1. Lys and Arg at +1, Asp and Glu at -1: add these up for the other residues within a Cβ distance under 12 Å of A:Gln125 and post the number.
2. Quick check: pseudo-label points 7 Å beyond the Cα along Cα→Cβ at A:Lys185 and A:Gln397, how many nm apart are they?
3. How high is the relative contact order of the stretch A:249-363, given as a whole-number percent (alpha carbon pairs under 8 Å, six or more residues apart)?
4. Simple spin-label model, 7 Å along Cα-to-Cβ: A:Phe68 to A:Gln354 in nm?
5. Between A:Asn407 and A:Trp24, what FRET efficiency comes out of the Förster formula 1/(1 + (r/R0)^6) with R0 = 41 Å and r the beta carbon distance, rounded to 0.05?
6. Tell me, what HN-Hα J-couplings in whole Hz come from the Karplus equation 6.51 cos²θ - 1.76 cosθ + 1.60 at θ = phi - 60° for each residue of the stretch A:174-180, using x for Gly and Pro?
7. Over the Cα atoms of the stretch A:44-147, what is the Rg over Rh ratio if Rh follows Kirkwood?
8. Read phi for every residue in the stretch A:349-355 and hand back ³J(HN,Hα) as whole Hz from Karplus 6.51 cos²θ - 1.76 cosθ + 1.60, θ = phi - 60°, with x for Gly and Pro.
Amino acid sequence: MKNIIQTVKGTREFYPEEMALRKWLYGKISQVSQSFGYQEYDGPFLESIELYAAKSGEELVKEQSFVFPDRGGNLITLRPELTPSLARMVAQRQNQLVYPLRWWSFGPFWRYEKPQKGRTREFFQWNIDLIGVDSPEGDAELVAIAAEFFKAVGLTPSEVKILVNDRRLMDSQISKLGIEKTEDKKKVLSIIDRRDKLSANDWDSYVLESGFTTTQLNGLKDVLNNKDLYKTSETVMRFFAALNALGVEQYVSYDPRVVRGLDYYTGIVFEARDAGESSRAILGGGRYDNLVGDVGGNPLTGVGFAMGDVVMPLILEQFGKLPALNLNPAEVLVTVFDADCQAYSLAIAAELRQAGINVNTYPEAVKIGKQFKYADRVGARYVIVAGPDERDAKIIQVKDLQSGEQNTVPIKEAVSVLQKMIHK
RNA sequence: GUGGCUGUAGCUCAAUGGCAGAGCACUUGACUGUGGAUCAAGGGGUUGUGGGUUCGACCCCCAUCAGCCACCCCA
């Protein structure tokens, strides 16, 4: 045990239990994405480092990416995010694609970060984007997709909330405080982003230390406490009207403190958080204006979000919403009574499989009790016993481990009887 | 990248410088053609790894690896 080579730091292994959960999650994501008419796509897992140099935040590429030289000396990156690949894919076929473009993806990503709970170095991420539209209704569609996803996995509006703001709204408010320079505005956004991470007093001093006046500080506080700020924006009002019409308004609320860290958001921004103590960010996204420009296309607007796969199981566990998943694909186990009867058992199993039933056989003729225990442990519900008596009489015994009932079934009716039992 | 906590059986944890243990899990039996429940017995450890201090180290010191927590950043 001790000299087994360790897994790479921050990676996960998917034993059947975890794999079943991953597939379940993928299924929900796929179902919700497709219910809104989005098409599945994917990009390469390996990209050249130049792709990220243009657009992504400096830190993401320089400090949080796995980068290595290939045998030819080119720097290769394990993709830390999908958006640049998406931008290129759109740019390459910009004039052939049909807009609005609705695409979604679920695949692996790598970031060289310090692993801890809810954060690994290798993770899966759901990306979904609506490209080529700039309307509040388009923004609302993406938020509605997030809400429908929560609904699909069984999370209620009291357990998860999607918090929304609009950068344009914030921008005009910040201007009103006499902060006009782009650089200063960026600084304010990052200050707002830290609002929850500091105590009220510490945050106040942080604002002042960053070079802003007391008047600006107080003005900023007023803005951040104004839950009705969105009512001053016709666009955001339309956005909320659309959410109402889509029937997901209970999951969504306006919060002027949400600004998101990334520079490239230009309109609506949103993030989902759980209502528990940890209050983790579950997903985040927003509107961007210049998706394709950086990789050489004509500017296209879009709105999208990303959700990692690591936090969701933690949230589901916290609220007791983890699904009970069946790990054993075989509903039936055919026991092997003794060496002489093995062929009879194998033939029964083969016949059931021909009929589309998933069947385990016990691979050796050990004590029947052990085989029953095995069936119980692996979660096979029906056990077939076919010993010498059964073989000679052309029958089998079928036991339902859940009810404990056992019936004698003529071999000719085995398929139909089991199909009925399995599908009832 | 910075700071802190932790690491003992498959799992959850005891043992605070003097013989490395318990519960659960596992194997076998009670039950010679039937799982779960009960009872009994049994197997299982280089105490994360490598050094050091000591007559003696799970325990103290150093390093290292991993996990967790707070920063940073974000999914």
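What follows is calculated from the coordinates using simple rules that are stated; it is not laboratory data. The shown structure was predicted, so the numbers you read here are calculated from the model rather than taken from an experiment. Don't worry about glycine lacking a Cβ; one is built from the backbone with ideal geometry, like all the others, and counts go over all protein chains shown.
1. -2
2. 8.0
3. 15
4. So the two model labels end up 5.0 nm from each other.
5. FRET efficiency, A:Trp24 to A:Asn407: 0.80.
6. Karplus values, whole Hz, x for Gly and Pro: 5, 4, 4, 7, x, 9, 10.
7. Taking Rg over the Kirkwood Rh, I get 1.01.
8. Calculated HN-Hα couplings, in order: 4, 4, 5, 5, 5, 4, 8 Hz.
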